Amino acid sequence: MPVISAPHEFDVSDLFVDLHPIFARHLYLKVEGFNFAGSIKLKAAREIVAQAEAAGVLGPGSTLVESSSGNMGVALSMLAANRGYRFVCVTDSRCNAATRRTMQAFGAEVHTITEPHPVDGFLGARIRYVQEMCAADEKVVWLNQYEAPGNWMAHYSTTGPAIASKFPELDVLVIGAGTTGTLMGCARYFQEHRPGVKVVAVDSVGSVTFGGVPGPRHIPGLGTSIRPGLLDESYVDTVVHIQEQDTVRICRQLAANGYHFGGSTGTAVAGALAWMQENCADRSTTAVTIAPDLGERYLDTLYDDNWVRDTFGDTALAVGEERNEGRSAR
């Protein structure tokens, strides 16, 4: 089959935004939204697919299937189209319309789960559907981003070293937690190579990843309703939980200053600011966090006044100084 090399080789590894002019903190944002798939998920998707092919699990005639809230689905859609695989993305009603259309443009089939599992939420319902597909057809291959080692290994070999190289005096690394692949890969790298750097994980209120109380979540990207198999909390120093209203507020504050990012970025930046406000009275600490994607896929949600008002109320539309309500650290 024809193979195009460019989408698999192009990464922006050294683009960082200095957020000090906005938040008066030495906080830097690693921007991951300029690769061909539009998000950091291309790294993990590429590594997971490569490992499955090398192991003989994936080959001609295979159908890829994955549960995704959006960005991994887009990355796999691109790779599947390039390699000649059929791809089915199982998502849920929180997936942005622009993301669904992007996957379909690559030729992927998108199945949307509309009802959550009574215990395990939308993620549990998605995974059950994936398992049913695999049981019905032996050619269906579930890559399972929640447990595949390639998910964290991709960031151990790329994202972590890129941050370490750019910031030799880094004090704190702040990573949003979804599947925890980025978190685990970067945390492992820094524990082995720069053990003095604190690792702060950021999760959404309503997520059970770190033992939180399950609750409704409306913004795709971070948080889970089932604890990810990749997570090893021994690599994490602190966890910060962020309300989605604060995610919206930070995203809009960044946009008001010329930076258009997605929901996971708003959550990660809010978490970094919360941690720094509580732990860095002298404001000299240097921290880095990650912007997994850009904001164009969120125009109908985070950046739509009616959606924000209907989902969170008028207070979430305010743009101003970051606040502490709804943030907790442990």
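The values are calculated or read from the model by the stated rules, or taken from the named source; none is laboratory data. Small disclaimer: the values here were computed from a predicted structure and weren't measured. Don't worry about glycine lacking a Cβ; one is built from the backbone with ideal geometry, like all the others, and counts go over all protein chains shown. Note: areas computed on protein heavy atoms with side chains; ligands, DNA, RNA excluded. Shrake-Rupley method; radii C 1.70, N 1.55, O 1.52, S 1.80 Å.
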Residue-wise HN-Hα coupling along segment 14-25, computed from phi with Karplus coefficients 6.51, -1.76, 1.60 (Hz; x: Gly, Pro) | 10, 9, 10, 10, 7, 8, 4, x, 8, 10, 6, 10
With every protein chain left in place, what is the accessible area per residue of segment 47-110 in square angstrom, probe 1.4 Å?
-> 33
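Once the piece of chain linking Asp314 and Asp18 is laid out straight, how much longer is it, given 0.36 nm per residue of separation minus the C-alpha distance between them?
103.6 nm
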³J(HN,Hα), Karplus 6.51/-1.76/1.60, whole Hz, each residue of segment 231-241, x for Gly, Pro | 5, 10, 5, 5, 8, 10, 7, 8, 10, 10, 9
Percent of all Cα-Cα pairs per 5 Å bin for segment 94-194, counting from 0 up to the last occupied bin, reads 2, 10, 15, 15, 17, 15, 11, 9, 5, 1, 0
Tell me which residues come under 5 Å, amide H to amide H, from Arg86 once H is placed; ignore anything under 5 positions away on its chain.
-> Leu64
Accessible area of the chain belonging to carbon and sulfur atoms, whole % at 1.4 Å probe = 50
Using the per-residue mean of other Cβ atoms lying within 10 Å as a proxy for protection, in what order, highest first, do the peptides 49-55, 259-265 fall?
-> 259-265, 49-55
Would you mind telling me which residue in Pro118, Pro220, Pro161 has the biggest mean-square fluctuation in a Gaussian network model of the chain, where springs connect alpha carbons within a distance under 10 angstrom?
-> Pro118
Across the Cα atoms of segment 210-330, what radius of gyration and what greatest pairwise Cα-Cα distance (Dmax) are found, in Å?
-> 14.6, 41
Nearest 10 degrees, 0 to 90: what angle lies between the long axis of helix 244-256 and the longest principal axis of the chain (Cα atoms)?
-> 80
Any idea of the accessible area per residue across segment 136-206, 1.4 Å probe, to the nearest Å²?
-> 37
For segment 239-301, what is the accessible area per residue in Å², given a 1.4 Å probe and the full set of protein chains?
-> 30
Helix 263-279 versus the longest principal axis of the chain: what angle, 0 to 90°, nearest 10, using Cα atoms?
-> 30
Evaluated at 37 °C and 0.692 mPa s, the Stokes-Einstein D of segment 169-263 based on the Kirkwood radius over Cα pairs, in µm²/s, stands at 233
For segment 220-310, state which trypsin sites (Lys or Arg not before Pro) are in a DSSP loop and have at most 16 other beta carbons lying within 10 Å of their beta carbon.
-> Arg283
